[in-house]
Amino acid sequence: MLDTSHGLIPPLRVPVGADPERWRTFPTERTVVVIARTVTSTVRVLDVLGPVFRDESRVDLVFAFDPSSAFNDGVHDLIRSVGARVLPWHQYRDLSPDLVITATENADLAVEGHTAPVLVLPHGVGFHKVVPDSRSDQDRLAGVVPDALLRSGRAWLAVSHPDQAAQLAAAHPLTKGRTLLIGDPCHDTLVNAMDLRAAYREALGVTGDRHLIVLSSTWRDRSLLGRNPTLPARLLAELPMDDYAVALVTHPNIVSAHGVYQLRSLLASPLSAGLLRIPPTDGWQATLVAGDLLIGDHGSVTFYGAALGKPLLLGAFSEEEAVPGTPMAELGSQVPRLVPGAPLRPQIERALTDHALGSPGSASLGRLGAKALIAPGDALRRLRTAVYDLLRLELPERPAPLPRFAPEDPRPADPLPDITAVHITTEVHDTPDGPRVVLSRTPAAVGHFADVGDPETAPGIAPGDEAGSPAAGRSPAATFRHLSCSDLERDRELTENASVLVRDAVAGSVAVADRWMADTLSRYPGCLLASAAVGDSGCRVGLRDGRTVTATLPDDRPGAMVAAALVYALLRSGRPLEAADFTLGDLAGDVDLRVVQRDGAASPAPAAQPDAYRTAPPVAGELFADRS
């Protein structure tokens with residue numbers, strides 16, 4: 001932790017200090033000190049300072065770092081990352097600024113001798129939350145400054161709705177007459193961003209008809225992650241990756257308290273499965289706009305999502321922390337709860353469908369936002385007017401037009417992984433034109449979070465219909481599940497347990513593909529099928545009995561995986577290896593399958609047997625041998 005007095009942050013000599021006029025370039029008339037105590041509060045001030053002081057040369061802006069918060073980690077780095085001047089806390093107490101701006105109510109700002117007004121911006125939506133008081137072992141209403149500062153007559157509290165002034169006056173009479181109706185610049189930014197939703201989705205890699213599920217967690221043990229830290233992994237294990245993407249937005253206090261290393265460790269499996277972890281300091285607004293459904297808690301991001309009209313589920317909600325009678329408490333009583341012990345996909349689909357059909361609950365949530373946020377579009381103008389009034393400074397003769405900025409494109413905090421091992425569920429349907437196979441994939445990295453029973457048989461298979469029994473696959477929609485791995489998969493446990501292995505690189509010739517398949521089947525006795533794409537010649541799928549199935553699929557990387565999955569499903573369901581059509585997310589098409597003898601193949605090999613690495617017998621291999 002940085003020294004709280006005269007340590008690692010040296011005192012400034014310019015633009016404030018003992019003799020700043022000797023060193024400064026710009027002639028200034030006022031000094032504004034921004035109090036930075038937590039990442040959350042600092043980000044909120046940074047978001048508005050630029051537009052408010054746009055093109056202004058008469059005001060010096062400096063930051064004072066108050067390290068007394070339990071969540072001080074990352075604050076100093078954040079300030080320096082934007083190139084701002086930072087003074088140590090002891091120097092702030094010796095200054096005579098013209099205005100203090102902060103979004104933290106917890107700093108000790110009642111400094112003897114200071115007369116400058118203090119403008120306190122909210123760092124969330126209104127005053128709806130009870131949080132621990134750092135000065136005692138009690139809780140307090142978030143957003144309200146200490147009574148000493150209120151009694152000094154210097155404090156001004158920005159509010160986003162007139163009702164909040166009445167709420168504060170009832171809870172803390174000293175706030176009466178000390179509020180300024182500003183609106184919510186953050187909400188205005190979100191509204192500005194709505195037309196850029198497609199660009200944000202593309203930046204996150206969410207294309208086509210995929211649904212983006214956004215998880216939002218505030219801090220403390222009653223938050224979404226505090227109550228259900230495995231929820232990101234469970235969603236990725238249950239939602240098909242070609243139809244859904246999952247993003248996670250966390251309150252900055254989580255990282256400040258526990259560190260990025262621990263958070264990444266907690267989320268190791270979902271991050272390996274493609275979880276989009278959004279940095280806590282930027283990107284969450286664009287991600288919220290890009291999302292198709294928000295799963296939240298009693299944090300402000302959840303309320304912003306409701307105000308935008310997003311489909312919403314509550315993964316957690318603390319009635320103990322939400323202040324009764326506030327719009328947030330009302331949200332907690334209206335929004336459906338995610339049932340963690342039940343399958344997640346039906347709940348997600350139901351929420352999306354209800355919203356698309358215009359359920360009454362969706363309309364009421366939109367009205368709920370108006371109870372905490374005045375009409376958007378004017379917050380920055382109101383804030384700039386208030387700031388210049390408090391500075392007793394006229395606006396520039398030609399004030400810069402206030403921009404209606406939308407957030408920058410979101411960028412996940414972690415590199416996106418190459419997902420090289422997937423569980424594939426296949427549903428085989430009989431149609432007048434032949435079999436239709438519906439494929440869905442989930443990352444194997446989170447497979448241990450899915451409750452699927454037999455790893456080779458999906459839940460839709462009734463007891464007694466196991467592979468190899470006379471009834472196996474004879475239902476109109478036979479459903480199977482298998483593990484498919486690329487040859488680039490680094491987890492050898494997955495590779496050695498895979499039913500299907502797929503060559504990642506396109507083979508330069510049929511002979512190269514056949515040699516690779518033969519070698520793969522030889523080296524991995526638990527593997528039932530090996531598949532490779534061959535340039536413009538489609539794909540080849542090798543069986544253990546020496547046969548090869550050719551498939552006319554696009555020669556992209558999913559082609560070999562799709563071809564093998566189709567062969568697997570048709571063999572498991574007892575259907576001939578002929579023409580079939582398939583769907584996989586947005587991908588669909590007809591596939592011609594043809595059985596040939598593999599070049600140089602030996603006589604039919606015996607069915608694969610369980611080995612020391614395999615967790616389940618390769619029953620499908622026995623089925624394939626029976627049907628050769």
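Read-outs throughout are calculated quantities, based only on the coordinates presented, and are distinct from any laboratory measurement. Every value quoted in this text rests on a predicted model; they were computed, and no experiment measured them. Cβ coordinates were reconstructed from backbone atoms using ideal geometry, including for glycine residues, and neighbour counts include every protein chain displayed.
In segment 23-122, which GluC sites (Glu not before Pro) are in a loop and have at most 10 other Cβ atoms within 10 Å, using DSSP for the loop call?
Glu112
For Lys176, which aspartates and glutamates qualify as cross-link partners when the Cα separation must be under 18 Å and same-chain residues fewer than eight apart are set aside?
Within reach: Glu105, Asp147, Asp163.
In nm, to one decimal, how far is the Ala579 label point from the Thr431 one, both placed 7 Å along Cα→Cβ?
With each label point 7 Å from Cα toward Cβ, the separation is 1.2 nm.
What does the charge add up to near Val131, with Lys and Arg as +1, Asp and Glu as -1, over the other residues with Cβ less than 9 Å from its Cβ?
Value of the local net charge: 0.
By how many nm would the segment from Asp55 to Ser136 lengthen if fully extended, with 0.36 nm per residue of separation less the alpha-carbon distance?
In short, 24.9 nm is gained.
Name the residues whose placed amide hydrogens come within less than 5 Å of the amide hydrogen of Asp139, ignoring near sequence neighbours (fewer than 5 apart) on the same chain.
Those qualifying (amide H under 5 Å, at least 5 residues apart or on another chain) are Asp133.
Taking only the alpha carbons of segment 320-448, what extent do you get along each of the three principal axes, in Å, biggest first?
Extents along the principal axes, in whole Å: 77, 39, 36.
Calculate how steeply helix 557-572 sits against the longest principal axis of the alpha-carbon atoms of the chain, using the helix alpha-carbon long axis, and give the answer as 0 to 90 degrees to the nearest 10.
Helix 557-572 sits roughly 50 degrees off the main axis of the chain.
Work out the charge dipole of the chain with +1 on the Cβ of Lys and Arg and -1 on the Cβ of Asp and Glu about the Cα centre, then indicate which of Leu587, Ala356, Ser68 is farthest towards its positive end.
Farthest along the dipole direction, towards plus: Ser68.
How big is the charge dipole of the chain about its Cα centre, in debye rounded to the nearest 20, if each Lys and Arg gets +1 on its Cβ and each Asp and Glu gets -1 on its Cβ? Could the numbers behind the result be given before it?
Numbers: 59 positive and 76 negative charges, 224 e Å.
Once rounded to the nearest 20, the dipole reads 1080 debye.
Quick check: the angle from helix 360-369's long axis to the longest principal axis of the chain, C-alpha only, nearest 10 degrees?
Result, in degrees: 30.
On a 0 to 90 degree scale, rounded to 10, what angle separates helix 252-266 from the longest Cα axis of the chain?
Here the helix axis deviates by roughly 20 degrees.
List the lysines whose alpha-carbon lies under 23 Å from that of Lys310, not counting same-chain residues fewer than 8 positions away?
Partners within reach: Lys129, Lys371.
Lys/Arg Cβ at +1, Asp/Glu Cβ at -1, dipole of segment 222-305 taken about the Cα centre: which of Leu293, Leu276, Ala257 is farthest positive-ward?
My answer, from the dipole projection, is Ala257.
So what is the calculated 222 nm ellipticity per residue for the chain, using -39500 (n - 2.57) for each DSSP H run with n of 4 or more, over all residues, to the nearest 500 deg cm²/dmol?
The per-residue figure over the chain is -8500 deg cm²/dmol.
Using a/c under 1.5 as the rounded threshold, could you call segment 47-112 rounded, prolate or oblate? The axes a ≥ b ≥ c are square roots of the C-alpha gyration tensor eigenvalues, and prolate needs a/b larger than b/c, oblate otherwise.
Since a/c reaches 1.5 but b/c is at least a/b, the shape of segment 47-112 is classed as oblate.
Label segment 277-380 by shape, choosing from rounded, prolate and oblate, from the square roots a ≥ b ≥ c of the eigenvalues of the Cα gyration tensor; if a/c is under 1.5 it is rounded, and otherwise prolate applies when a/b is larger than b/c, oblate when it is not.
Numbers: a/c = 1.34, a/b = 1.25, b/c = 1.08.
In terms of gyration-tensor shape, rounded.
Just check segment 197-369 against the gyration tensor rule for me: Cα atoms, a ≥ b ≥ c as the square roots of the eigenvalues, rounded for a/c under 1.5, and otherwise prolate or oblate depending on whether a/b exceeds b/c.
Judged from the Cα gyration tensor, segment 197-369 comes out rounded (a/c under 1.5).
Might you report the magnitude of the Cβ-based charge dipole of segment 105-208 about its Cα centre, with Lys and Arg at +1 and Asp and Glu at -1, to the nearest 20 debye?
160 debye
Mind checking which of Pro229, Ile213, Ala203 is farthest towards the positive end of segment 202-243's charge dipole, using Cβ charges of +1 (Lys, Arg) and -1 (Asp, Glu) about the Cα centre?
The residue sitting farthest along the positive end of the dipole is Pro229.
If you wrap a convex hull around the C-alpha atoms of segment 119-212 and split its volume per residue, what is the figure in Å³?
Normalising the Cα hull of segment 119-212 by residue number yields 145 Å³.
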